[in-house]
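Heads up: the structure comes next, in structure tokens.
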Amino acid sequence: MANRWKNRLRERDATPESVYLNRRKLIAGAVAGAGLAGIGGHARAMPEGLEPNPWEDITEYNNFYEFGTDKRDPQKYAGQMTTEPWTVKIDGLVDRPADYAFEDIMAKMTVEERIYRLRCVEAWSMVVPWNGFELADLLELAGVQSAARYVAFETLYRPEEMPGVRYPVLEWPYVEGLRLDEATHPLTIMATGIYGKDIPNQNGAPLRLVVPWKYGFKSIKSVVRITLTDTQPPTSWNRAAPNEYGFYSNVNPEVDHPRWSQATERVVGGGLFAGRVPTPMFNGYAEEVAGLYEMMDLKKNF
Ligand code: MTE
């Protein structure tokens, strides 16, 4: 299927931002209408009509409630978070449960560049050039047992470095979950960089989940624990407001949030697209992921 990775980009080596920025106009032009374009031997694709946001948009307008609820709080306060040393506990229904050191993980993973849309449930969006590896590869390292059905994720909880956890906005630590087939889908990555640089703390250093067809809150930051389970795990936003945030939280313009429409979105730093634009089903990744939900009523399983 030549078009399979329409909204996905593969590149074995990270691209420096300068090179990237110099190329992107050309690439955007080449891709318009074509879906896929091979440039310099790399297959490159970009959601039509959108360009990756600049570094400043991506790193200065954030949601990371452990550091406060204002969009600028993470940039101001996340620098306090110690990210070295860092271990990820992988446990539950796996053959090799252990505390995996971040360096040991990185030594075994293949980092690629992936340009993905990010659609927040608050109805704003960006395009982010992530660097990361497929979550499926990390799970394989731990050896998923056949009884596993779901994957649970947990963010670091360190009150002395996280001013936001003083407030009971959410139950801490922040937790998330995916069905195993969602977690092992090739679009699902653990991001460790942006624009070829280490991922900044405010974006979820040293590694965070990215699930591009789901609302941004599923993409849990600064992950310290991954647990394979046979039952659906709790998720922070579902716990806080179950009628507003479902377990699946797939981007769906036909299912509104009880308090606002999800049919359109505001493109952050939009320039030409400063107005609202329509939100595509599964955030533009329907071709790749719709099959995961064929038998499901997406209004009930929102
Ligand atoms: N992860 C944790 N631990 N805490 C958070 O508050 N916010 C989520 C998600 N991951 C959040 C989190 C939300 S609502 C969004 S939209 C994205 O992170 C934002 O990612 P970004 O700041 O890198 O754009």
Problem - Test result for Lys299, open to solvent by less than 50 Å² (accessible area, probe 1.4 Å) and charged (D, E, K, R) - result: no
Handout entry: Yes/no for Val151 being touching a helix residue (DSSP H, G or I) at 6+ places or on another chain (Cβ under 7 Å), farther than 18 Å from Asp57 by Cα and either in a helix (DSSP H, G or I) or open to solvent by 10 Å² or more (accessible area, probe 1.4 Å) (or both)
Key = no
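Okay, residues lined up against (1) free of Cβ contacts under 8 Å to residues at least 12 places away in the same chain; (2) not polar (S, T, N, Q); (3) not in a helix (DSSP H, G or I):
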site	(1), (2), (3)
Gln202	no, no, no
Thr227	no, no, yes
Trp237	no, yes, no
Glu244	no, yes, yes
Val255	no, yes, yes
Gln262	no, no, yes
Arg266	no, yes, yes
Problem - Within region 63-79, tally of residues that are of a type in the set (Ser, Thr, Tyr) and assigned to a helix (DSSP H, G or I) - result: 2
Practice task
Mind telling me which of the residues Glu113, Glu161 ends up being among the acidic types (Asp, Glu) and under 15 Å from the mean Cα position of the chain (by Cα)?
Solution key: Glu113
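Scan Ile105, Ile115 and give me the residue that is among the β-branched types (Val, Ile, Thr) and more than 16 Å from the ligand (Cβ to nearest atom). Steps first, answer last, please.
Numbers: Ile115 fails: more than 16 Å from the ligand (Cβ to nearest atom).
Going through Ile105, Ile115 in turn, the sole match is Ile105.
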Problem - Odd one out for Gly164, checked against (1) touching a residue at least 24 places away in the same chain (Cβ under 8 Å); (2) more than 9 Å from the ligand (Cβ to nearest atom) - result: (2)
Fill in the blank from the handout: Subset of region 168-197, residues closer than 20 Å to Tyr100 by Cα, touching a Pro at 6+ places or on another chain (Cβ under 7 Å) and more than 12 Å from the ligand (Cβ to nearest atom), comes to Gly177, Thr192
Practice task
With the checklist (1) part of a strand (DSSP E or B); (2) closer than 14 Å to Gly204 by Cα in hand, flag the one item Tyr100 doesn't pass.
Solution key: (2)
Fill in the blank from the handout: For region 215-240 the number of residues that are away from the ligand (no atom under 12 Å from the Cβ) and more than 17 Å from Tyr157 (Cα to Cα) is 8
Exercise for the section: For Ala240, indicate whether it is surrounded by fewer than 17 Cβ atoms within 10 Å (Cβ to Cβ) and more than 27 Å from Glu56 (Cα to Cα). Expected result: yes
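The values are calculated or read from the model by the stated rules, or taken from the named source; none is laboratory data. Source: prediction; values computed, not measured. Using ideal geometry, Cβ is built from the backbone for each residue, glycine included, and neighbour counts are taken over all protein chains shown. The area values use the complete protein model at the heavy-atom level, side chains included, leaving out ligands, DNA and RNA. Shrake-Rupley method; radii C 1.70, N 1.55, O 1.52, S 1.80 Å.
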